[in-house]
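Read through the structure below, which is laid out as structure tokens, and then see the notes.
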Amino acid sequence: MGSITYDVPRVELVGSPYQIGFQHGSHLAPEIVDQLDIYRELFQEACKFDWPTVRSVAAEFRDSIARLAPHLLEEMQGIADGVQAEADPKVDLLDIIALNARSEIALGQWDDGCTSLAWRIRAPGCHKQILAQNWDWREAVGRNLAIASISSPGKPQIWMVIEPGIVGKIGFNSASVGVCLNAIRARPISTSLLPIHLLLRIALECDSIDTAIASIESLGGAASSQHILIADKDGARGLELSPLGAFYLREDDDGILAHTNHFLENKLVDEPPWLSGSPIRLERAKAICGELIEEMGLDRLGEIDAKLLRERVFSDKANLPQAICCSPEPNRVARIKTLFNIVMTFEPARAPSAEVVFGRPGSGEESIVYTGELEPALLPTAQTT
């Protein structure tokens with residue numbers, strides 16, 4: 001348990017795509033305006049792009065989103081209108097698209113790093129799937145993070161930690177499908193495909209890993225190189241996505257699948273080395289999980305939970321500052337650190353749930369534990385003849 005209660009907004013978004021967006025924009029208008037200011041500076045600093053240049057690329061994505069995911073374009077229009085009504089009449093649809101396509105517009109020049117972990121646990125009396133991540137990014141973004149639940153007709157309810165203004169992020173749904181994200185720095189980028197944050201949202205509108213993969217494939221894949229770690233009650237897959245094709249990873253013999261910020265199997269893209277700590281974090285995460293298996297034995301693996309993983313895996317500071325629990329590098333302008341940890345748990349016949357800690361877990365300056373739980377979705381039953 002942390003020592004600080006962060007003032008993290010919680011918003012409940014309900015209705016049509018436009019209504020969901022308008023509620024998002026109006027409830028989080030100050031945070032969205034601040035996010036736009038942060039990213040204007042980041043694009044200039046990291047990419048030498050002024051905001052008109054960013055908006056011109058966003059206009060290209062607008063056409064692709066209208067073709068491939070029109071309901072999310074409606075939602076983004078609602079976000080823009082909500083911000084206009086509550087905070088800034090100058091904010092428009094292209095500004096919101098720019099936030100949602102920030103990873104793609106940056107042409108792979110962002111320098112964020114994250115560590116994600118899926119663990120399929122089978123022990124006496126225990127059948128559960130863990131999905132977890134430390135999300136590392138610019139320190140300034142941390143002050144705007146929010147928790148959102150989304151309810152729309154005919155789709156699973158969604159619970160996410162979000163960057164305000166962005167329609168998809170890290171979280172889970174009432175069908176016990178969850179997603180985590182690892183950024184990959186690689187080329188090319190394609191404005192004819194969907195940005196990764198939209199694909200995260202589309203995955204959370206699905207009721208299984210298989211339907212999520214099928215949905216992403218039907219849309220042509222991702223506009224940029226990224227890794228989505230996706231899980232449901234029965235297991236996990238690592239989706240190494242790119243505009244040139246995808247590779248799908250499976251768990252190892254212990255039910256573990258970990259990923260950081262480099263592709264493991266997808267060799268279709270140009271991926272120069274960029275985060276020296278990425279391979280180290282990956283091996284460290286797997287090693288700690290191996291230690292837990294050895295210490296607890298197979299009969300006690302069911303005791304592994306969010307608290308234990310925060311303490312043993314996600315608080316790990318080996319290889320600082322590029323550790324699993326990341327801290328800013330003293331000689332760099334970019335102040336990148338772990339902004340939150342999330343641990344999701346999916347079990348048959350039980351409500352999917354998550355625990356979130358904002359700040360660096362184990363630092364003594366992290367937040368209290370925020371919890372989320374969704375009633376299990378009522379899925380159609382198979383018909384017998």
Among the residues that make up the range 242-251, is at least one of them open to solvent by less than 10 Å² (accessible area, probe 1.4 Å), at pLDDT 95 or above and in a loop (DSSP other than H, G, I, E, B)? yes
Residues of the range 10-28 being surrounded by fewer than 16 Cβ atoms within 10 Å (Cβ to Cβ) and either among the small types (Gly, Ala, Ser) or at pLDDT below 95 (or both), which ones? Gly15, Ser16
Regarding Pro348, is this residue touching a residue at least 12 places away in the same chain (Cβ under 8 Å), out of contact with any Gly (no Cβ under 7 Å at 6 or more places or on another chain) and farther than 13 Å from Gly277 by Cβ? yes
Among the residues of the range 45-63, are any within 30 Å of Ser363 (Cα to Cα) and touching a residue at least 40 places away in the same chain (Cβ under 8 Å)? yes
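Please state which one of Ile293, Ile304, Ile288 is out of contact with any Cys (no Cβ under 7 Å at 6 or more places or on another chain), open to solvent by 20 Å² or more (accessible area, probe 1.4 Å), within 29 Å of Glu366 (Cα to Cα) and touching a residue at least 24 places away in the same chain (Cβ under 8 Å).
Details: Ile304 fails: open to solvent by 20 Å² or more (accessible area, probe 1.4 Å); Ile288 fails: open to solvent by 20 Å² or more (accessible area, probe 1.4 Å).
Matching residue, one of Ile293, Ile304, Ile288: Ile293.
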Quickly run through the range 92-138 and pick out the residues that are in a loop (DSSP other than H, G, I, E, B) and either buried (at least 23 other Cβ atoms within 10 Å of the Cβ) or at pLDDT below 95 (or both). Ala101, Ala106, Leu107, Gly108, Gln109, Trp110, Asp111, Asp112, Gly113, Pro124, Gly125
Considering the range 199-234 alone, what residues qualify as being of a type outside the set (A, V, I, L, M), buried (at least 17 other Cβ atoms within 10 Å of the Cβ) and either over 23 Å from Pro348 (Cβ atoms) or modelled with pLDDT under 95 (or both)? Arg201, Gly221, Ser224, Ser225, Gln226, His227
Would you be able to say whether some residue in the range 69-81 is of a type in the set (Gly, Ala, Ser), under 27 Å from Gly359 (Cα atoms) and under 20 Å from the mean Cα position of the chain (by Cα)? no
With Gly178, Gly171 as the choices, which residue is out of contact with any Pro (no Cβ under 9 Å at 6 or more places or on another chain) and either farther than 27 Å from Lys128 by Cα or not charged (D, E, K, R) (or both)? Gly171
Checking Pro330 against (1) within 30 Å of Glu45 (Cβ to Cβ); (2) open to solvent by 50 Å² or more (accessible area, probe 1.4 Å); (3) touching a residue at least 40 places away in the same chain (Cβ under 8 Å); (4) not small (Gly, Ala, Ser): exactly one of these is not met. Which one? (3)
Taking the range 139-170, which residues are within 11 Å of Leu13 (Cβ to Cβ), hydrophobic (A, V, I, L, M, F, W, C) and either at pLDDT below 95 or not in a strand (DSSP E or B) (or both)? Val167
Condition (residue is of a type in the set (D, E, K, R), within 16 Å of Arg40 (Cα to Cα) and either modelled with pLDDT under 95 or surrounded by fewer than 24 Cβ atoms within 10 Å (Cβ to Cβ) (or both)) applied to the range 73-86: is it met by at least one residue? no
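The values are calculated or read from the model by the stated rules, or taken from the named source; none is laboratory data. None of these values were measured; they are calculated from a predicted model. Don't worry about glycine lacking a Cβ; one is built from the backbone with ideal geometry, like all the others, and counts go over all protein chains shown. These accessible areas exclude ligands, DNA and RNA; they are computed on the full protein's heavy atoms, side chains included. Shrake-Rupley method; radii C 1.70, N 1.55, O 1.52, S 1.80 Å.
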